Amino acid sequence: MSHPLHAPLAAFDALASPGPFAYPRTFHHDGGQHSHHVVVGSMIHGDEVGSLPAVVAVARALASGALAYGGKVTFFVGNPEAGLQDRRFLESDLNRVFVDEPPDDHEGRRARALKPILDAADVFIDLHQTILASRERFWIAPFQTVGWHWVRALQASSMWITRSPGTAFSTGTMCADEYVRAQGRPGLTLELGEKGFGHGAEAVAEAAIRRLLDLSDRIAAGSTTLETEAEAAPDLTFVETVHREPFGSSDLALRPGFVNFTPVTAGESLHADGHPPLHAATDGWLVFPKYPPRDPSGAYVTPLPGEILRIVAPMDAHPTVAFAAGIAEAEG
Ligand SMILES: [Zn+2]
């Protein structure tokens with residue numbers, strides 16, 4: 001049976017036109033009216049395929065002339081080789097290796113090929129999906145003032161899991177959006193819900209991309225500003241991580257049924273029957289609950305994830321206040 005990724009990937013390949021870039025699974029369009037360059041990433045994690053049909057739909061509309069956009073826009077498909085194997089990555093997590101010296105493996109070579117596209121971006125939106133279902137679509141990135149304006153103006157999701165700027169995702173790694181932010185430009189990740197086709201990612205992603213292009217055109221034309229568009233939209237609900245539960249033992253197991261943004265109350269029992277006790281450390285929403293695959297003997301397939309769950313909660317103060325010092329340091 002044909003892999004469900006074959007058809008949308010073939011559709012993308014038929015439209016592909018890398019323009020000034022070397023990476024072949026790139027669609028580049030230059031409307032010739034202004035130079036604002038929008039870059040959208042799809043499938044940087046191979047099995048997070050849900051945004052690909054949206055990228056194909058917008059690329060097709062641009063190529064046919066059904067959608068007019070006067071600036072530059074580039075879409076890329078990050079890791080289809082892993083996607084065709086239903087895997088997040090083949091050798092290295094691509095969304096960790098946008099470092100100065102990427103490893104000499106499949107994903108390291110891909111990061112090298114994608115960097116020139118990211119270097120050219122005036123705004124970069126990276127489209128991802130979560131492993132499990134999510135009660136909320138959400139943005140996830142450290143706070144960045146210009147990024148906040150884009151996120152608010154785009155209205156693709158009202159929830160942002162954020163943290164102070166200047167705090168690396170983890171030392172010695174570099175995500176694609178982080179790579180763009182490190183150059184002082186907006187780089188943002190949108191989590192579209194449960195990975196795969198048919199969970200609603202397509203429509204949300206297509207609307208977000210179309211709005212991104214429309215905003216870019218109107219801002220470039222001088223008929224509005226990003227700040228005006230942001231202020232006209234409702235502000236985000238900003239949430240931050242308040243607890244990380246380490247995957248401290250291979251005996252730990254969550255009870256079934258948790259998804260992203262399941263509400264929990266402090267002290268609530270989270271463990272499956274017959275497993276060591278695990279209780280919610282605080283009130284909030286559970287995110288990134290982990291149910292790792294098990295081998296035929298019932299033991300987890302290793303390596304285990306670093307955390308079995310995380311709890312996020314709404315911030316007490318707006319990030320512009322709570323992170324003022326970090327923002328001043330990062331943005332000058
Ligand atoms: Zn991802």
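The values are calculated or read from the model by the stated rules, or taken from the named source; none is laboratory data. These numbers were taken from a predicted model, which means no experiment stands behind them. Neighbour counts run over all protein chains shown; Cβ positions are idealised from the backbone, glycine included. Each accessible area value is taken on the protein alone, full model and side chains, heavy atoms only, with ligands, DNA and RNA left out. Shrake-Rupley method; radii C 1.70, N 1.55, O 1.52, S 1.80 Å.
Tabulated values for the structure
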{"item": "Qualifying lysines (Cα of each under 23 Å from Cα of LYS195; at least 8 residues distant if same chain)", "result": "LYS290"}
{"item": "Residue-level accessible surface for ILE161, protein heavy atoms, 1.4 Å, Å²", "result": "10"}
{"item": "Calculated diffusion of the chain, Stokes-Einstein form, Kirkwood radius summed over Cα pairs, 4 °C and 1.567 mPa s, µm²/s", "result": "62"}
{"item": "Solvent exposure, largest accessible area first (probe 1.4 Å, DNA, RNA and ligands not counted), of THR320, THR262, THR171, THR302", "result": "THR171, THR302, THR320, THR262"}
{"item": "Positive-pole candidate from ALA205, LEU190, HIS29, dipole of the chain, charges at beta carbon", "result": "HIS29"}
{"item": "Extension gain from ASP100 to ALA325, taking 0.36 nm per residue of separation minus the Cα-Cα distance", "result": "78.3 nm"}
{"item": "Sulfur and carbon atoms: percent of accessible area, the stretch 241-313 [1.4 Å]", "result": "56"}
{"item": "Accessible solvent surface per residue of the chain, calculated while the other protein chains remain in place, 1.4 angstrom probe, Å²", "result": "42"}
{"item": "Which of LEU67, PHE89, PRO102, positive extreme of dipole for the stretch 60-133 (C-beta unit charges)", "result": "LEU67"}
{"item": "More than 21 Å apart - percent of Cα-Cα pairs taken over the stretch 241-313", "result": "19"}
{"item": "Filtered chymotrypsin sites (Phe, Trp or Tyr not before Pro), the stretch 94-179: DSSP coil and at most 15 other beta carbons within 10 Å", "result": "PHE169"}
{"item": "Sum of -39500 (n - 2.57) over DSSP H runs of 4+, divided by residues of the chain (222 nm, nearest 500)", "result": "-8500 deg cm²/dmol"}
{"item": "Assigned charges on the beta-carbon of Lys, Arg, Asp, Glu; the chain dipole about Cα centre (debye)", "result": "460"}
